[in-house]
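Take a look at the structure below.
The values are calculated or read from the model by the stated rules, or taken from the named source; none is laboratory data. These numbers were taken from a predicted model, which means no experiment stands behind them. Methodologically, a virtual Cβ is constructed for each residue, glycine included, from the backbone with ideal geometry; neighbour enumeration extends over all protein chains shown.
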Amino acid sequence: MATTKAGGTAKNLRDSNPKYLGVKRSDGQKVTVGEIVVRQRGTAILAGKNIGVGKDHTLFSRVAGTVKFRTTRKTNYDGRSSRRHIVDVV
């Protein structure tokens, strides 16, 4: 005999935990050494001066200073140019 009453199986109860991605320090904010500036998947925002890149593409500060965001034109391998965001610590 069954020890519990018959119940159906649920197929939609699994969900992953949130990853809390995004910009953690905005333009003009002060940061210390090792502080996370951007958490991202892939390199949507590129690392500039005094910014390190983690193995999961997290951008972090290498020095204490002020965060600055800027845009630049980057030429792709096929010759087309695109606008890319870059973050620096000055």
Query raised in the report: Within region 15-32, which residues are farther than 20 Å from ILE86 by Cβ and either of a type outside the set (D, E, K, R) or not in a loop (DSSP other than H, G, I, E, B) (or both)?
Result: SER16, ASN17, PRO18, TYR20, THR32
Query raised in the report: If you go through region 2-12 one residue at a time, do you hit one that is within 18 Å of the chain's Cα centre (by Cα) and among the β-branched types (Val, Ile, Thr)?
Result: no
Query raised in the report: When GLY28 is evaluated against the numbered criteria (1) out of contact with any Lys or Arg (no Cβ under 8 Å at 6 or more places or on another chain); (2) closer than 16 Å to ASP88 by Cβ, which criterion, by number, is the only one it fails?
Result: (1)
Report task. Taking the options SER82, SER26, SER16, name whichever one is under 15 Å from the mean Cα position of the chain (by Cα) and either among the polar types (S, T, N, Q) or at pLDDT below 95 (or both). Result -> SER26
Query raised in the report: Any residue in region 60-75 that is at negative phi, loosely packed, with under 10 Cβ neighbours inside 10 Å and more than 20 Å from the chain's Cα centre (by Cα)?
Result: yes
Requested in this report: Kindly establish whether GLY34 is at positive phi and more than 16 Å from the chain's Cα centre (by Cα).
Outcome: no
Query raised in the report: Restricting the search to region 23-47, which residues are of a type in the set (Ser, Thr, Tyr) and surrounded by 11 or more Cβ atoms within 10 Å (Cβ to Cβ)?
Result: THR43
**Report entry** All positions within region 33-53 that are free of Cβ contacts under 8 Å to residues at least 24 places away in the same chain and assigned to a loop (DSSP other than H, G, I, E, B)
**Finding:** GLN40, ARG41, GLY42, THR43
Query - Filtered residues of region 54-85 (kept if among the hydrophobic types (A, V, I, L, M, F, W, C) and in a strand (DSSP E or B)) - result: LEU59, PHE60, VAL67, PHE69
Report task. Could you please let me know if GLY7 is part of a loop (DSSP other than H, G, I, E, B) and surrounded by 11 or more Cβ atoms within 10 Å (Cβ to Cβ)? Result -> no
